[in-house]
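**Student:** Sending over a structure as structure tokens; questions will come in a sec.
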Amino acid sequence: MKTTYAKDMELFPIPLDKAGFVVVMVLAFFVIPLVSSHYMLVSIFIPFLVFSLAALGLNILTGYAGQLSLGHAGFMAVGAYATVVMYNRYDVPIPVALLGSGLITAAVGSVFGLPSLRIKGFYLAVSTLAAQLIIEWVITHVKWISGGVYSTIDIRALEFMGWQIDTAAEKYQFALIFVVIMAFFAKNVVRSRIGRAWMSIRDMDVASEIIGISQFKYKMLAFAVSSFYAGVAGGLLVAFYYGSANIEEFHLLVSFQILGMVIIGGMGSVLGSFLGAGFIVLLPIFINLTISFVNHRIVDLSKVFTLDLIANVENMIFGALIIFFLAVEPFGLARLWNTIKDYLRLWPFPY
């Protein structure tokens, strides 16, 4: 029984959750860098962390504040180029460049969030889609930002206070520190007065305005915070994964992928952002490895299926699994995880 406000506001009210979190942090910070290969760290874990952060930003806007956005990849592009410009041209330390890129993106996102004061739903989605297209055009055609149409800007060797960040493990841990800190910040924000105001706007904006919640203030704040997370994620992506900035890496399909992460993981859930990113980023790799194993060790698939079917079987399985998981739990993997936890907590009792 919770007898104090402090107990009621605990991040991990169940002892098992605390123990599980400690285990995950130990694995993430110490075990994974030691046992994982260069490929695993750079090509799997770093993209997972970055897209988890991007999905978390969109989840704040869409899952908590109820504002649909299709321009998240464009905001990531703003953060990516801002990071490269500040770090390459002005010798800003990489952590400061990442935070600065987040602030710049927050300002841009707030501008494109202004239509949310008059429109909502699919109309707002079209408005943010315009933001994606405008950002792509500006970055592509302003040479001071990108160097020219579809050019690539390489980021120089990463260093911070004399520390050369050149190994895969160092890049992974640096990105992990940023993601953990920002995830904790998001978890506390959505449990605060600001988060409750966002959820009231999401559930019934007219009623929230009647009881005195400023639509302008909290909608703009939601776009700013969401864009800040997108900007930092974009900066991490070019600094620790791609190694260069190119606008072609932030096309519209990326926005849909991030929205898919939020929906599959669970809207209005910090944990769901990570589960959704893991589903979208990691599951296709697992499917590909499984198909390769079956093809080489068990049966030659070319003798059973046509080549064009084999070439697309990964996408078919991936799509079928998305439909299956959403059919089993329409509210996302986070709700499914909570259901499993509740069942285990009560087992073997029926209620």
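The values are calculated or read from the model by the stated rules, or taken from the named source; none is laboratory data. Nothing here was measured: the structure is a model prediction, and the numbers come from that model. Cβ coordinates were reconstructed from backbone atoms using ideal geometry, including for glycine residues, and neighbour counts include every protein chain displayed.
**Student:** Residues in segment 246-267 that are within 20 Å of residue 179 (Cβ to Cβ) and over 13 Å from the mean Cα position of the chain (by Cα): how many?
**Tutor:** The total comes to 2.
**Student:** Of the residues that sit in segment 223-243 and are among the hydroxyl-bearing types (Ser, Thr, Tyr) and closer than 19 Å to residue 167 by Cβ, which one is farthest from the chain's Cα centre (by Cα)?
**Tutor:** 242
**Student:** Another question, if that's okay. Of all residues in segment 248-269, which are aliphatic (A, V, I, L, M) and surrounded by 24 or more Cβ atoms within 10 Å (Cβ to Cβ)?
**Tutor:** Listed by number, the residues that qualify are 258, 261, 262, 264.
**Student:** Something else now. Exactly one of (1) charged (D, E, K, R); (2) modelled with pLDDT of 90 or more; (3) under 27 Å from residue 256 (Cα atoms); (4) surrounded by 13 or more Cβ atoms within 10 Å (Cβ to Cβ) is unmet by residue 170. Its number?
**Tutor:** It is condition (3) that residue 170 fails.
**Student:** Mind telling me which of the residues 210, 135, 139, 201 ends up being over 24 Å from the mean Cα position of the chain (by Cα) and modelled with pLDDT of 90 or more?
**Tutor:** Unique residue meeting the criteria: 210.
Conditions tested, residue by residue: (1) of a type in the set (S, T, N, Q); (2) modelled with pLDDT of 90 or more; (3) out of contact with any Asp or Glu (no Cβ under 8 Å at 6 or more places or on another chain); (4) assigned to a loop (DSSP other than H, G, I, E, B).
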site	(1), (2), (3), (4)
10	no, no, yes, yes
20	no, no, yes, no
23	no, yes, yes, no
27	no, yes, yes, no
30	no, yes, yes, no
46	no, yes, yes, no
51	no, yes, yes, no
62	yes, yes, yes, no
